[in-house]
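First the structure, in the form of structure tokens, and then the observations on it.
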Amino acid sequence: MRSKPFDEPTVGRLRQAREVLSAEAEKSHHALYAKLREIVSGVLRLDAFFVALFRDAGHVLYAYQYDGAEYALPGVRPVNPEGPTGWVRAHNRSYAYRTDAGAILNRGIPWGDKERRSADALVVPMRRTHTGEVIGVVSAQTYTAGSYGDARRGAAAAAAGRRTHHRVRP
């Protein structure tokens, strides 16, 4: 008998998330990202969150960024191939803090509360629906070490990676 990756309440939240995110995508990108942040915060401890979209081979638009309750205005920056956003694009898969004790995360561009370092993180690719091309990333971070276990990370990745990409255009 195959074990289920998520318990029933998590499966229910993911199903609801899929429906809600599809509806929010019809409104605006900002509404979609706000709802995604709300959903991810229901699954993971969330101190910092961002959505970044690749503009071209060398630039990324940080479209939606929060550290706690503080919103940072969108901005375009060069892609840092050594940081987590560039790493996810280059490796075509999610990055988790526990993979390397945060080494790649800490090589990224600092933002939010620069006096504190995230102690756990998950950076998930956003993909173009029909091609699977990585068009951006969703990042969840916390200042509390060891917060993102396998099931929690999997649920957050499922919410972020499955439905945010079909209406997002870089």
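The values are calculated or read from the model by the stated rules, or taken from the named source; none is laboratory data. None of the values given here were measured: they were computed from a predicted structure. Cβ coordinates were reconstructed from backbone atoms using ideal geometry, including for glycine residues, and neighbour counts include every protein chain displayed. Calculation scope for accessible area: heavy atoms of the full protein, side chains included, ligands and nucleic acids excluded. Shrake-Rupley method; radii C 1.70, N 1.55, O 1.52, S 1.80 Å.
Remarks
- Residue count, the range 69-91 (criterion: in contact with a Pro (Cβ under 7 Å, 6 or more places away or on another chain) and either of a type in the set (Ser, Thr, Tyr) or more than 11 Å from residue 54 (Cβ to Cβ) (or both)): 1
- Test result for residue 139, among the small types (Gly, Ala, Ser) and crowded, with 24+ Cβ neighbours inside 10 Å: yes
- Residue among 43, 79, 88 that is β-branched (Val, Ile, Thr) and open to solvent by less than 10 Å² (accessible area, probe 1.4 Å): 88
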